[in-house]
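The values are calculated or read from the model by the stated rules, or taken from the named source; none is laboratory data. Keep in mind it's a predicted model, so treat the numbers as computed, not measured. Every residue, glycine among them, receives a Cβ derived from its backbone with ideal geometry; neighbour counts consider all protein chains shown. The area values use the complete protein model at the heavy-atom level, side chains included, leaving out ligands, DNA and RNA. Shrake-Rupley method; radii C 1.70, N 1.55, O 1.52, S 1.80 Å.
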Amino acid sequence: MHKIPVIIDTDPGIDDFFALAVAAASDKLDIRAITPVAGNQTYEKVCRNVENIRQLFRMDGVRIATGAKCPLVSAQRTAGNVHGEDGLGGVILPKAQQKAESTYAWDVIYEEAKRAQGRLQIAALGPLTNIAIAVLKYPDLPSMIDKLFVMGGTNGFGNVSPYAEFNIWADPHAADIVFCCGIKTVNMVGLNLTRQAILDIPEYRRVFSAAGDGPLGKIVTQLIDYLGTRAHGLGNTAMTLHDAIVTAAMSDDKLITYFPSYVRVECQSENAFGQTVVFAGNGNRVLEQGEPNVNVADTLDLERFKSTLSASLEKLKGRVAL
């Protein structure tokens, strides 16, 4: 079986941690590079988290490039209120011995796209700044990418405003560029899909018991405890791990169903800033605004997703490097 060559563009972030765990455990994905981007926390913090997670999961040979430290146009926004001051809820991972390389993320994306000869898939788990810079610098890049999975946007209510989801809102100009650049398959996994994986804390504990009671189990427990405490403080009893759904879907094409649509991002309106405007009519008929450019995630097989999370942690529990 030929593995799928993959780049993970990410801003860890607790759910990014689990997304990287799913990818690292997959027998179907060949992770060529991880490209950090400022988002859930400042660039320095998310890059450090990427370095530490790569070492923790023994992702030897996986490149870490130098990514964008701020959005293309808008002011920088982070999500420290969700993910904590360090991006991982205060959970301390072993300090990485190997640092990110000086090569820029957009150059690494292009290099790996050429190397993959049309088979490269990208999981974009944070703001789309790195991807936008890459397609602006290399106009032939979109034709070289097989699939782009975007954890971002929504075909419903947002989480930073009634209209906008955080990753798109953090750099809407970049998102609009990426959606319109000509990549043949863009799968938008938005909040309307990821909220189908909302589970209460006890259920997550059951799913993640596969991590065992060793080093990985202790880290996973700390992360879930942090999210549980935060959710309780907001009056909630449940949560979802948005980004992990994307890397699970890269390995399992039966996990999510999509419908084609023409999608643009609102970059002007103050009230709707960062909204993913999904132009689709009844019966998934695309309206006259434009030809389909994005596959919008619609339904999730929750039991398959839970099984993937458990199996991934079961596989990794004896492999972590402490």
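Data table
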| item | result |
| --- | --- |
| Length-normalised contact order for segment 48-154 - Cα pairs under 8 Å, 6+ apart - percent | 28 |
| Charge tally in the Cβ shell below 10 Å around residue 304, where Lys, Arg are +1 and Asp, Glu are -1, residue 304 excluded | -1 |
| Given 14 as the ceiling on other Cβ atoms within 10 Å, longest exposed-site-free region of the chain for GluC sites (Glu not before Pro) in DSSP loops | 102-269 |
| Built amide H within the under 5 Å cut-off of residue 120, gap 5+ | 146 |
| Two-site label geometry, residue 60 and residue 319: point separation in nm, points 7 Å out along Cα→Cβ | 1.3 |
| Solvent exposure, largest accessible area first (probe 1.4 Å, DNA, RNA and ligands not counted), of 15, 27, 140 | 27, 140, 15 |
| Span per principal axis, largest first, for the Cα atoms of segment 4-316 (Å) | 55, 42, 37 |
| Over segment 1-94, equivalent-ellipsoid semi-axes from the Cα gyration tensor in Å | 23, 15, 11 |
| In sequence order, calculated HN-Hα J values of segment 94-110 (Karplus, 6.51, -1.76, 1.60; Hz; x Gly/Pro) | x, 6, 5, 7, 10, 9, 5, 7, 7, 4, 6, 4, 5, 6, 5, 4, 5 |
| Segment 147-212 and segment 244-281: distance between their alpha carbon centers, rounded to Å | 8 |
| Range in the chain, longest, excluding exposed trypsin sites (Lys or Arg not before Pro) [loop by DSSP; at most 14 other beta-carbon atoms within 10 Å] | 100-183 |
| Cα-Cα over 24 Å, subset of 114/184; 114/254; 69/317; 69/306 | 114/254; 69/317; 69/306 |
| Mean separation of Cα contacts under 8 Å, 6 or more apart, over the residue count of the chain: relative contact order % | 20 |
| Distant-in-sequence amide H partners of residue 64 (H built 1.01 Å from N, under 5 Å) | 34, 101 |
| Segment 179-253, accessible surface, carbon-and-sulfur percent (1.4 angstrom probe) | 52 |
| Accessible area (Å², per residue) of segment 4-316, counting only protein heavy atoms and a probe of 1.4 Å | 40 |
| Residue 277/residue 213 FRET efficiency (R0 35 Å; Cβ-Cβ; nearest 0.05) | 0.15 |
